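The values are calculated or read from the model by the stated rules, or taken from the named source; none is laboratory data. Predicted, not measured: the structure shown is a model, and the values here were computed from it. We place every Cβ from the backbone using ideal geometry, glycine too, and count neighbours over all the protein chains shown. The area values use the complete protein model at the heavy-atom level, side chains included, leaving out ligands, DNA and RNA. Shrake-Rupley method; radii C 1.70, N 1.55, O 1.52, S 1.80 Å.
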Amino acid sequence: MRIFPLACVFFWICGQPLFAQNGSVRGRVTDKETAEELIGALISLRGTKYNTTSDASGDYSLTDVPVGEY
C-alpha cells in the first residue's frame, strides 16, 4: 500500500509543468530598406501588458507569455 501514495506524489510533481502553459516570443528588428538592426525599438503584444525593447543587435525577447495567437 505504500506504492499508491508515492505514485500519487510522483504524478502530481510530474504533472505540474502541464499547467504552466507559458512561452516566449523572440526575434530581431531590422530596417526594411537597409537591413540594419534597429536599436531600442519597442515591441509589444497588442492588447496585452507584454512589451520590451530591442537591444544593440536588434534582438528582443518576451518571456512568460501565455500561449495563444497575438
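What the table below lists for this structure:
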item	result
Neighbours by Cβ (under 6 Å, 6+ apart or cross-chain): first from the range 24-41, more than 14 Å from S57 (Cα to Cα); second modelled with pLDDT under 95 and open to solvent by 70 Å² or more (accessible area, probe 1.4 Å)	S24/T63
The range 26-54 - residue that is open to solvent by less than 90 Å² (accessible area, probe 1.4 Å), of a type in the set (V, I, T) and in a loop (DSSP other than H, G, I, E, B) and, of those, nearest to G68 (Cα to Cα)	T48
Residue list for the range 55-67, filter: surrounded by fewer than 10 Cβ atoms within 10 Å (Cβ to Cβ) and not charged (D, E, K, R)	A56, V67
Residues located in the range 1-43, provided they are among the polar types (S, T, N, Q) and modelled with pLDDT of 95 or more	T30, T34
